[in-house]
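Step one of this worksheet: look at the structure below.
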């Protein structure tokens, strides 16, 4: 969207110099600069809904106080108050927009290519991690100036973690996650990266495989609706699966060759391990439940015990005899079914 591009280039409508020499203006100054008729036109155009978070005003049954926002303050080839240069935002989103960090304030160098993927709130996430060190998703969300849900922040952490897999010119990720603690941090803050990790939990393992299958199918140009039909997932889930797949970089090819990779794989250099290591998603210690749109629920913690205090679990013992590669018959069957799902996608196309 034009607004996002302007924000990332430091051209937000909230950035101008007033008579006092300030670089930024408050949200009240900005939102009162349109006449009442124009304001009503914008409210009607956007159906009394914030274009950032989706909250509605009283006319649509919501409680949000809505502001008219100028996308650019001195736009080329149009009037400043033209409808094409106006959008609608709730007061918290509008206030945050005029106080947000710019790429130049990021603790990590952000390139022009990175800006094509990142959003303004990503800079604030990086600033939080730089200031507070490794943190859980809920802690990051609570530290944002914008009113973002834990699920929304988790999605942005996936994007930051998988940035090097999406931007060809970037050779290293900038955010990582610790497999032992479940905490997110900047690359140099994480000791035990979980990137490329193969989970012991069956459900999480199948989720990782399905994520990577969806990513590969869509990258090859497969129709998104065909992927949705074959796997029985929502449209939003396909986008989240791609973000998660880029972040965790699951080694699906190892299973395509048959069985779980052994410890006899060639050792990688420490630099390669940093750039190719995956991260295992665990449930964060927050009250908000996982959104059903994010796909299968990810589990967190060691497999020795569960929250109900049951006896230690051993997936091979509980799910049947384990083969020579350490996989149970049931797990092997589930993995084969997951692999065949991708073949079904190709057949459907």
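The values are calculated or read from the model by the stated rules, or taken from the named source; none is laboratory data. From a predicted model like this one, the values you see are computed outputs, not experimental measurements. Positions of Cβ are generated from backbone atoms using ideal geometry, with glycine treated the same way; all protein chains shown enter the neighbour counts.
One residue is enough: does segment 222-235 have a residue meeting the conditions in the same structural domain as residue 135 (by TED's automatic domain parsing), in a loop (DSSP other than H, G, I, E, B) and surrounded by fewer than 22 Cβ atoms within 10 Å (Cβ to Cβ)? No; the residues of segment 222-235 include none that is in the same structural domain as residue 135 (by TED's automatic domain parsing), in a loop (DSSP other than H, G, I, E, B) and surrounded by fewer than 22 Cβ atoms within 10 Å (Cβ to Cβ).
Of all residues in segment 102-111, those satisfying the criterion of being outside any loop (DSSP other than H, G, I, E, B) and under 24 Å from residue 142 (Cβ atoms) are 103, 105.
Looking across segment 195-213, just one residue is surrounded by 22 or more Cβ atoms within 10 Å (Cβ to Cβ), under 18 Å from the mean Cα position of the chain (by Cα) and in a loop (DSSP other than H, G, I, E, B), and that is 195. The number of residues in segment 176-192 being touching a helix residue (DSSP H, G or I) at 6+ places or on another chain (Cβ under 7 Å) and crowded, with 22+ Cβ neighbours inside 10 Å comes to 3. Within the option set 147, 114, 171, being outside the structural domain of residue 68 (by TED's automatic domain parsing), assigned to a loop (DSSP other than H, G, I, E, B), touching a helix residue (DSSP H, G or I) at 6+ places or on another chain (Cβ under 9 Å) and within 30 Å of residue 69 (Cα to Cα) holds for one residue only, 147. Each residue in segment 117-144 was checked for being touching a strand residue (DSSP E or B) at 6+ places or on another chain (Cβ under 9 Å), more than 19 Å from residue 188 (Cβ to Cβ) and outside any helix (DSSP H, G or I), and 1 pass.
Taken over segment 179-189, the criterion of being modelled with pLDDT of 95 or more and outside any loop (DSSP other than H, G, I, E, B) is satisfied by 184, 185, 186, 189. For residue 216, the conditions (1) under 30 Å from residue 340 (Cα atoms); (2) crowded, with 18+ Cβ neighbours inside 10 Å all hold with the exception of (2). The helices (runs of 4 or more DSSP H) located wholly in segment 1-92 that include 2 or more residues which are at pLDDT below 85 occupy 2-8, 27-31. Does residue 126 qualify as being surrounded by 18 or more Cβ atoms within 10 Å (Cβ to Cβ), more than 22 Å from residue 94 (Cβ to Cβ), touching a residue at least 40 places away in the same chain (Cβ under 8 Å) and out of contact with any helix residue (DSSP H, G or I) (no Cβ under 9 Å at 6 or more places or on another chain)? It is false that residue 126 is surrounded by 18 or more Cβ atoms within 10 Å (Cβ to Cβ), more than 22 Å from residue 94 (Cβ to Cβ), touching a residue at least 40 places away in the same chain (Cβ under 8 Å) and out of contact with any helix residue (DSSP H, G or I) (no Cβ under 9 Å at 6 or more places or on another chain).
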